[in-house]
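Quick notes on the structure that follows.
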Amino acid sequence: MNNWWINAILALLFWPGLLSGALFGWFLLWMSRKFIARLQGRQGPPFYQPFFDFWKLIGKKTIIPNGVNPVLFYALPIIGLISIIFALALLPVPGSSGISFEGDLVLLIYLIEMPVLMDVIAGYVTRSVYAQVGATREAILTIAYNLPFLGALIALAVRLHSFKLATFAAAPISIATILAAVALFVALLAQLKVNPFSIPNAEQEIVAGIHVEYNGLPLALFELTHALETSLLVGLISILFIGPFTSIWMKLLIFFVVAVVVILLTNITAAGTARLKVQHAFKFYWTWGIAATVLVVAAALIL
Amino acid sequence: MSNIFSRLIQTSRRRSPWVYRINAGSCNGCDIEVAPCFSPRYDGEQIGAVLQGSPKHTDILLISGPITLRTQEMVKDVYQQIPSPKAVIALGSCPASGNVFHGSPTIVGSAEAVIPVDLYVPGCPPRPQAILEAIQKASVMLEKGETRSQREVSHE
């Protein structure tokens with residue numbers, strides 16, 4: 001029992017939780033910025049950029065807008081951050097001492113939704129029209145991208161007869177896994193809010209979207225949550241490919257390589273496309289998303 | 001321990017200057033010169049500078065134009081919305097002296113009369129290299145606590 005607690009705390013705080021999740025997430029975010037800069041013919045930021053951005057925001061004074069409940073203003077990013085840390089601790093990365101039980105996939109899906117929900121509430125709470133438009137768009141987009149996301153995960157669960165994430169990480173690579181990874185990747189574009197689906201934080205039209213009134217420490221927490229979300233969602237695709245390997249170092253290497261490839265593909269898409277309108281994004285996910293879901297479920301049941 | 005943290009935060013102030021620009025009656029010349037700072041040729045992202053859309057996310061305020069009477073309240077408002085520590089850079093000759101508009105009854109003529117300015121970039125308009133150098137200098141001032149917003153707070 002005692003050992004279980006130590007393992008759980010290690011998983012929450014170090015691997016794959018807060019510390020390594022943040023470092024990995026910052027690395028992936030830096031790579032996105034650098035890669036997009038290189039595609040545009042720029043040099044791009046140095047690799048420590050997201051780290052210093054976070055600490056600078058911590059060091060700034062926080063202004064609470066007039067008429068906003070201060071408790072709510074601070075609580076929303078904190079709840080989002082805590083949920084995403086718990087979600088990361090469930091991820092069966094190689095070498096994780098983490099918590100694993102039958103049904104942890106369902107818990108993971110709930111926890112992934114929490115920061116999104118907090119974002120939407122934050123948009124409405126801060127009483128800015130831009131933030132409210134952003135929150136509406138984010139809420140609509142959530143309904144859209146969850147279709148291929150949940151479809152792919154459910155199809156895998158049906159195929160492996162288990163709702164346990166550790167089974168996912170141990171499964172051999174098959175056509176169904178690859179199709180599921182593609183469906184997860186399609187959902188990832190909207191989850192990370194990169195270009196064709198950067199609708200909720202559209203810089204040129206609604207200033208900074210949901211976080212327009214956030215500043216200082218709460219904004220830093222939102223940025224940290226975004227970094228952790230990045231490493232979690234990219235890691236979720238990566239663990240589908242580590243099954244066939246036995247050595248832990250090989251697993252770690254494959255995990256890392258797949259994560260980097262996923263981020264590069266995401267940014268090629270982001271740099272090569274323009275922002276869609278929210279109704280077009282919705283239509284995209286409800287036609288191609290359904291097609292991808294049907295394909296994944298069929299592959300999972302038949303092949 | 002708290003020493004390490006304050007050192008870390010000071011360094012990150014230098015490494016991550018986020019910029020917001022405000023046009024206070026400028027002819028748009030200075031604003032056109034700001035855009036190339038973030039283009040492939042000059043690429044301000046190398047020093048961590050990013051253009052922000054919201055004053056709440058800002059460290060450095062770029063202000064251009066001779067501060068017309070109609071904009072001075074907005075300039076004050078935007079300045080107060082920026083969380084401290086913050087630095088202000090006046091772009092071009094207009095916010096320094098009024099430039100060709102000097103003596104006009106519709107301008108304040110000096111940014112100094114409205115908000116505390118830390119750095120002036122001379123030129124009409126200034127070149128992007130000069131603007132980037134000012135951003136770099138302002139971020140060093142933020143690190144050392146030398147901006148006027150930081151000094152005036154510590155005096156109180």
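Worth pointing out:
- In region B:1-41, residue surrounded by the fewest Cβ atoms within 10 Å (Cβ to Cβ) [restricted to those that are among the small types (Gly, Ala, Ser) and either within 14 Å of chain A (Cβ to nearest Cβ) or within 27 Å of A:ILE36 (Cβ to Cβ) (or both)]: B:SER2
- Total residues in region B:1-33, condition in a helix (DSSP H, G or I), in contact (Cβ under 8 Å) with a residue 12 or more places away in the chain, within 21 Å of B:ALA87 (Cβ to Cβ) and among the hydrophobic types (A, V, I, L, M, F, W, C): 1
- The residues of region A:165-195 that are more than 17 Å from A:THR230 (Cα to Cα) and in a helix (DSSP H, G or I), listed by number, are A:LEU165, A:ALA166, A:THR167, A:PHE168, A:ALA169, A:ALA170, A:ILE175, A:ALA176, A:THR177, A:ILE178, A:LEU179, A:ALA180.
- The conditions of being more than 17 Å from B:GLU112 (Cβ to Cβ), within 14 Å of another protein chain (Cβ to nearest Cβ) and surrounded by 18 or more Cβ atoms within 10 Å (Cβ to Cβ) are met by B:ALA49.
- Condition check for A:SER100 on (1) under 25 Å from A:ILE210 (Cβ atoms); (2) of a type in the set (Gly, Ala, Ser); (3) surrounded by fewer than 21 Cβ atoms within 10 Å (Cβ to Cβ): one failure, at (1).
- Failed condition for B:SER104, given (1) farther than 27 Å from A:PRO50 by Cβ; (2) touching a residue at least 24 places away in the same chain (Cβ under 8 Å); (3) away from chain A (no Cβ under 14 Å); (4) in a helix (DSSP H, G or I): (4)
- Single residue of A:ILE199, A:ILE237, A:ILE254 found to be within 18 Å of the chain's Cα centre (by Cα) and assigned to a helix (DSSP H, G or I): A:ILE237
Here is a yes/no grid of residues against (1) surrounded by fewer than 20 Cβ atoms within 10 Å (Cβ to Cβ); (2) touching a residue at least 12 places away in the same chain (Cβ under 8 Å); (3) more than 16 Å from the chain's Cα centre (by Cα):
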{"site": "B:PRO55", "(1), (2), (3)": "no, yes, no"}
{"site": "B:SER64", "(1), (2), (3)": "no, yes, no"}
{"site": "B:LEU69", "(1), (2), (3)": "yes, yes, yes"}
{"site": "B:VAL78", "(1), (2), (3)": "yes, yes, no"}
{"site": "B:SER97", "(1), (2), (3)": "yes, yes, yes"}
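- Among residues of region A:252-290, those that are over 27 Å from A:GLN40 (Cβ atoms) and exposed (fewer than 13 other Cβ atoms within 10 Å of the Cβ), counted: 2
- Qualifying positions in region B:36-87 - farther than 18 Å from B:VAL114 by Cα, in contact with a Phe, Trp or Tyr (Cβ under 8 Å, 6 or more places away or on another chain) and assigned to a helix (DSSP H, G or I): B:PRO36, B:GLY44, B:GLU45, B:LYS56, B:HIS57
- Selected residue (criterion: farthest from the other protein chains (Cβ to nearest Cβ)) from residues of region A:208-217 that are part of a helix (DSSP H, G or I) and surrounded by fewer than 24 Cβ atoms within 10 Å (Cβ to Cβ): A:LEU217
Rundown of residues vs (1) farther than 17 Å from A:ILE78 by Cα; (2) crowded, with 23+ Cβ neighbours inside 10 Å, yes/no style:
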position	(1), (2)
A:LEU111	no, no
A:PRO115	no, yes
A:MET118	no, yes
A:ALA122	no, yes
A:SER128	yes, yes
A:VAL133	yes, no
A:LEU141	yes, no
A:ASN146	yes, no
A:PHE149	yes, yes
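- Scanning region A:14-65 for residues that are within 11 Å of chain B (Cβ to nearest Cβ) and either touching a Cys at 6+ places or on another chain (Cβ under 8 Å) or polar (S, T, N, Q) (or both) yields A:GLN40, A:GLN43, A:GLN49, A:THR62.
- Answer from B:ALA130, B:ALA90 - the residue that is over 27 Å from A:LEU217 (Cα atoms) and either assigned to a strand (DSSP E or B) or of a type in the set (Lys, Arg) (or both): B:ALA90
- Qualifying residue in region A:125-136 (condition: in a helix (DSSP H, G or I), of a type in the set (Ser, Thr, Tyr) and under 16 Å from the mean Cα position of the chain (by Cα)): no
- Candidate set from region B:70-92 (those that are among the hydrophobic types (A, V, I, L, M, F, W, C) and in contact with a strand residue (DSSP E or B) (Cβ under 7 Å, 6 or more places away or on another chain)); member that is nearest to the other protein chains (Cβ to nearest Cβ): B:ILE82
- Check on A:GLN43, touching a helix residue (DSSP H, G or I) at 6+ places or on another chain (Cβ under 7 Å), among the polar types (S, T, N, Q), at negative phi and surrounded by fewer than 17 Cβ atoms within 10 Å (Cβ to Cβ): yes
- Residue in region A:259-266 that is under 18 Å from the mean Cα position of the chain (by Cα) and free of Cβ contacts under 8 Å to residues at least 24 places away in the same chain present: yes
- Scan region A:160-177 for residues that are in contact (Cβ under 8 Å) with a residue 40 or more places away in the chain and either among the β-branched types (Val, Ile, Thr) or at positive phi (or both) and the total you get is 3.
- Against the numbered list (1) within 24 Å of A:LEU88 (Cα to Cα); (2) of a type in the set (D, E, K, R); (3) part of a helix (DSSP H, G or I), A:GLU205 comes up short only at (1).
No lab work stands behind these numbers, since they all come straight from the coordinates. Keep in mind the model is a prediction, meaning the values are calculated, not measured. No Cβ is skipped: glycine too gets one built from the backbone with ideal geometry, and neighbour counts run over all protein chains shown.
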